[in-house]
Amino acid sequence: MKFEDYLTGLSGKTVAVIGVGVSNRPLIELLLDRGISVTACDKKTELGAYGEELRAKGCRLRLGPDYLKDLTEDVIFRTPGMRPDLPELTEAIGRGSRLTSEMEAFFEVCPCPIIAVTGSDGKTTTTTIIAELLRSAGRTVHLGGNIGRPLLADTGKMKPEDIAVLELSSFQLLTMTRSPHIAVVTNLSPNHLDVHKDYAEYVVAKANIFTHQAAGDIAVFNADNEETCAFAREASASVRMFSRQGTVERGTYLGPDYPGGQAIWIANEKEHRCVLPLADIKLPGIHNVENYMAAIAAVDGLVPYEVIREFAGNFGGVEHRIELIRELDGVRYYNDSIASSPSRTIAGLRSFPEKLVLIAGGKDKGISYDALGPEVNEHVKLLILCGATAGVIRKSVEQAENYHGLEIIDVSDYQEAADLAHSRTKPGDVVMLSPASTSFDRFANFMERGRVFKEIVNRLT
């Protein structure tokens, strides 16, 4: 369906947009500009100046605790983090409303090929690498989903030869009935179980990224992950695998780089070829090698190999992902605020050869911390904890078989944590914020958490 036809189809209908956050604001404004009747619904009791702007454009506001009550609009756009089976939404559908989302609408009208990435870890970095590799190869790229900007409002400017690159969460995928031309699943492990009914539902949601693909599409999976290997067996698209542990028939894997060292090799119908020596990758950490393998498998045939190698030597990473904040008195401080799960923190710990000072803790999201304890004991010299999960992280460390008295200190906030780390480190040490928990105990999101920590570290003297 063409973008203009989609908007024309909404003409004369009433539309409710649930959630007046960053992801839905361009959608609200687009609909209002086209003269469509819009009701903006949000649990906040007031929206300040922005709310007045919306009212001036003719938008109705339904705010406060009852913002989902009596939804009677013809079309309802839900915010990504909202479950589609809430009683209020189910009742609205029963009355004849159509439930959709900004992302579902974008898949309906996008005029160019879509590459989309999901997974439990590595989504943002892999998505960014794919987008930047394509840009380096001269393609026009529209980056969106969980990163970049909401793309539906930009669809009218897109051309068929462009490429849309998206990071998609399980929440966005939960009700998707379309899949991208190229789908990438980085890995799967228990996550977001505070929102999903169970792990099975989480897996099914992730699977929607490839279940609606056709024979001419491409699906990229992690050969070293049990769940994604199962996905590969179910896919109807052309499958490419990536692996650190063995070779693959089609995709990417680790192999030798003569005269020495390891490299990422690519396997396709034409050849097996060394593409990228690991020594040429600027980003630290073996998990980022996996991110590169996933990205290279996705863009094989779209990006020249020499472009890949040049890019990898210059790309320093994405904000809040093992981001070097500064070096002070010979101590390096890193912001890994994106690490909202134990598996992300484990990947960060494994990125450094030395034992480090770890600052962790935040809000629990219903997942096990058992695997984190042994890794902390192996890779950490001082553990500083704050936030709601401090106790469960401490327990996982102290009950691990390899616990040998690691020093663990509880603090009240990041200022106290940074001051303590500064006083207990010496030249050559590494300090990393990697919470292994969500940010919602104290911050709006992981970006705010990371920015606050960076500001504190940059004030240290």
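The values are calculated or read from the model by the stated rules, or taken from the named source; none is laboratory data. Note that the structure is a prediction, hence the values are computed from the model and not measured. Methodologically, a virtual Cβ is constructed for each residue, glycine included, from the backbone with ideal geometry; neighbour enumeration extends over all protein chains shown. Quick note on the areas: whole protein, heavy atoms, side chains included, nothing else; ligands and nucleic acids left out. Shrake-Rupley method; radii C 1.70, N 1.55, O 1.52, S 1.80 Å.
When region 64-90 is limited to residues that are of a type in the set (D, E, K, R) and within 17 Å of residue 173 (Cβ to Cβ), the one that is least open to solvent (accessible area, probe 1.4 Å) turns out to be 78.
When each of 182, 129, 147 is tested for being under 30 Å from residue 310 (Cβ atoms), of a type outside the set (Lys, Arg) and open to solvent by 10 Å² or more (accessible area, probe 1.4 Å), the lone residue that passes is 147.
Just to be sure, is residue 420 surrounded by 15 or more Cβ atoms within 10 Å (Cβ to Cβ), at pLDDT 95 or above, more than 20 Å from residue 332 (Cα to Cα) and not hydroxyl-bearing (Ser, Thr, Tyr)? Spell out the reasoning first.
On the way: surrounded by 15 or more Cβ atoms within 10 Å (Cβ to Cβ): yes; at pLDDT 95 or above: yes; more than 20 Å from residue 332 (Cα to Cα): no; not hydroxyl-bearing (Ser, Thr, Tyr): yes.
Spelling it out, it is not the case that residue 420 is surrounded by 15 or more Cβ atoms within 10 Å (Cβ to Cβ), at pLDDT 95 or above, more than 20 Å from residue 332 (Cα to Cα) and not hydroxyl-bearing (Ser, Thr, Tyr).
Right, residue 104: acidic (Asp, Glu), in a helix (DSSP H, G or I) and under 28 Å from residue 321 (Cβ atoms) or not? I'd like the intermediate steps shown before the answer.
On the way: acidic (Asp, Glu): yes; in a helix (DSSP H, G or I): yes; under 28 Å from residue 321 (Cβ atoms): yes.
Spelling it out, residue 104 is indeed acidic (Asp, Glu), in a helix (DSSP H, G or I) and under 28 Å from residue 321 (Cβ atoms).
The single condition from (1) within 28 Å of residue 232 (Cα to Cα); (2) not in a loop (DSSP other than H, G, I, E, B) that residue 80 fails is (2).
Determine which member of the set 118, 177, 124, 140 is closer than 20 Å to residue 203 by Cα, among the polar types (S, T, N, Q) and modelled with pLDDT of 95 or more.
Values: 177 fails: modelled with pLDDT of 95 or more; 124 fails: modelled with pLDDT of 95 or more; 140 fails: closer than 20 Å to residue 203 by Cα.
From the options 118, 177, 124, 140, the qualifying one is 118.
For (1) modelled with pLDDT of 90 or more; (2) of a type in the set (Asp, Glu); (3) under 30 Å from residue 135 (Cα atoms); (4) not in a strand (DSSP E or B), each residue gets a yes or a no:
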site	(1), (2), (3), (4)
325	yes, no, yes, no
339	yes, no, yes, yes
343	no, no, no, yes
347	no, no, yes, yes
353	no, no, no, yes
365	no, no, no, yes
369	yes, no, no, yes
374	yes, no, no, yes
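The set of residues from region 107-117 being free of Cβ contacts under 8 Å to residues at least 60 places away in the same chain and open to solvent by less than 20 Å² (accessible area, probe 1.4 Å) comprises just one member, 112.
Identification of strands (runs of 3 or more DSSP E) wholly contained in region 232-314 with 3 or more residues that are touching a Gly at 6+ places or on another chain (Cβ under 7 Å) yields 238-243, 262-267. For region 380-389, a residue qualifies if it is surrounded by 20 or more Cβ atoms within 10 Å (Cβ to Cβ) and on the phi < 0 side of the Ramachandran plot, and the qualifying residues are 380, 383, 384, 385, 386, 389.
In summary, residue 419 fulfils each of the numbered conditions (1) over 28 Å from residue 200 (Cα atoms); (2) over 29 Å from the mean Cα position of the chain (by Cα); (3) outside any helix (DSSP H, G or I) with the single exception of condition (3). Of all residues assigned to region 392-403, at least one qualifies as being among the acidic types (Asp, Glu) and open to solvent by 30 Å² or more (accessible area, probe 1.4 Å). Would you pick out the residues in region 431-445 that are under 21 Å from residue 121 (Cβ atoms), crowded, with 22+ Cβ neighbours inside 10 Å and hydrophobic (A, V, I, L, M, F, W, C)? Passing the criteria: 432, 433, 436.
So is residue 184 closer than 25 Å to residue 27 by Cβ and among the aliphatic types (A, V, I, L, M) or not? Explain how you work it out, then say what you get.
Values: closer than 25 Å to residue 27 by Cβ: no; among the aliphatic types (A, V, I, L, M): yes.
Considered against the rule, which asks whether it is closer than 25 Å to residue 27 by Cβ and among the aliphatic types (A, V, I, L, M), residue 184 comes out as no.
Applying the condition of being touching a strand residue (DSSP E or B) at 6+ places or on another chain (Cβ under 9 Å) and either free of Cβ contacts under 8 Å to residues at least 60 places away in the same chain or not aliphatic (A, V, I, L, M) (or both) to region 132-144 and asking which residue is surrounded by the fewest Cβ atoms within 10 Å (Cβ to Cβ) yields 140.
The C-beta contact set for region 287-313 (first residue more than 23 Å from residue 338 (Cβ to Cβ), second residue modelled with pLDDT of 95 or more and open to solvent by 30 Å² or more (accessible area, probe 1.4 Å), distance under 6 angstrom, 6+ apart or interchain) comprises 303/137; 307/136; 307/137. Of everything in region 446-461 that is in a helix (DSSP H, G or I), in contact (Cβ under 8 Å) with a residue 40 or more places away in the chain and more than 20 Å from residue 348 (Cα to Cα), the residue that is most open to solvent (accessible area, probe 1.4 Å) is 458. Contact map, region 44-63: residues that are outside any loop (DSSP other than H, G, I, E, B) paired with residues that are surrounded by fewer than 12 Cβ atoms within 10 Å (Cβ to Cβ), Cβ distance under 6 Å, separation 6+ or inter-chain. Pairs shown: 63/45.
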